[in-house]
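The numbers here are math on the coordinates, done by the rules we state, and not lab data. This is a predicted model, so every value here is computed, not measured. All Cβ positions, even for glycine, are placed from backbone atoms using ideal geometry, and neighbour counts span all protein chains on display.
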Amino acid sequence: MRAAISDAFPGARLHIEPLPGGRFAIEFFQEGLLRPLSAAELSDGTLRYLLLVTALMVLNEPETSLHPDLLPALASLIIRASAQCQVWVVPHARRLIPALQRDPDCNCIVLEKNLGQTVIVGQRMLDEPAWYWPD
């Protein structure tokens, strides 16, 4: 988690304080600030990135609400997580895809809509799995 925070916010660190009743508080320490920031003081994008750090598995549009400058750090986070388990990412941000593809183990499947039908780019007719609609 420390590396993911450092990638996105160089010099920053996060402190998590358990509270009664199963709750917790966070303090976000960043270079140049005189005091730590609470969760209520962080931007939606910063909070979302921190949540992604803690809950990374299958991601649908993980870049939503993130500042574009955070996308390379997000890609690094996803790549690190993929060393531990399989991660599927469904991005819509063009900048995130090449950042993920820098990892030689990245398997990228590009989909596009063609006359209302979603197809895999580069897949030929004989490569398709057999599919039949049930009666």
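Which count do you get for residues in segment 19-67 that are of a type in the set (K, R) and under 29 Å from H92 (Cβ atoms)?
If we filter segment 19-67 for residues that are of a type in the set (K, R), which is where we start, we get 23, 35, 48.
The next check asks that each one be under 29 Å from H92 (Cβ atoms); those that pass are 48.
So the answer is 1.
Given the criteria closer than 16 Å to E63 by Cβ, hydrophobic (A, V, I, L, M, F, W, C), under 13 Å from the mean Cα position of the chain (by Cα) and not in a loop (DSSP other than H, G, I, E, B), does A93 qualify?
Values: closer than 16 Å to E63 by Cβ: yes; hydrophobic (A, V, I, L, M, F, W, C): yes; under 13 Å from the mean Cα position of the chain (by Cα): yes; not in a loop (DSSP other than H, G, I, E, B): no.
So A93 fails the test.
On the basis of being surrounded by 10 or more Cβ atoms within 10 Å (Cβ to Cβ) and either of a type in the set (K, R) or within 26 Å of T46 (Cβ to Cβ) (or both), does V119 make the cut? Lay out the reasoning, then the answer.
Values: surrounded by 10 or more Cβ atoms within 10 Å (Cβ to Cβ): yes; either of a type in the set (K, R) or within 26 Å of T46 (Cβ to Cβ) (or both): no.
Against the criterion (surrounded by 10 or more Cβ atoms within 10 Å (Cβ to Cβ) and either of a type in the set (K, R) or within 26 Å of T46 (Cβ to Cβ) (or both)), V119 does not qualify.
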Within segment 4-30, residues aliphatic (A, V, I, L, M) and under 15 Å from R48 (Cβ atoms) come out as A4, I5, A8, L14, I26
message: Can you say whether P134 is over 14 Å from the mean Cα position of the chain (by Cα), farther than 21 Å from R2 by Cβ and either in a loop (DSSP other than H, G, I, E, B) or without any contact (Cβ under 8 Å) to a residue 40 or more places away in the chain (or both), as far as the supplied structure shows?
response: yes
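List the helices (runs of 4 or more DSSP H) inside segment 1-84, counting only whole elements, that have at least 3 residues being surrounded by 10 or more Cβ atoms within 10 Å (Cβ to Cβ), without any contact (Cβ under 8 Å) to a residue 40 or more places away in the chain and in contact with an Asp or Glu (Cβ under 8 Å, 6 or more places away or on another chain). Give the derivation first.
Values: elements: 2-8, 44-54, 71-82.
Answer list for segment 1-84: 71-82.
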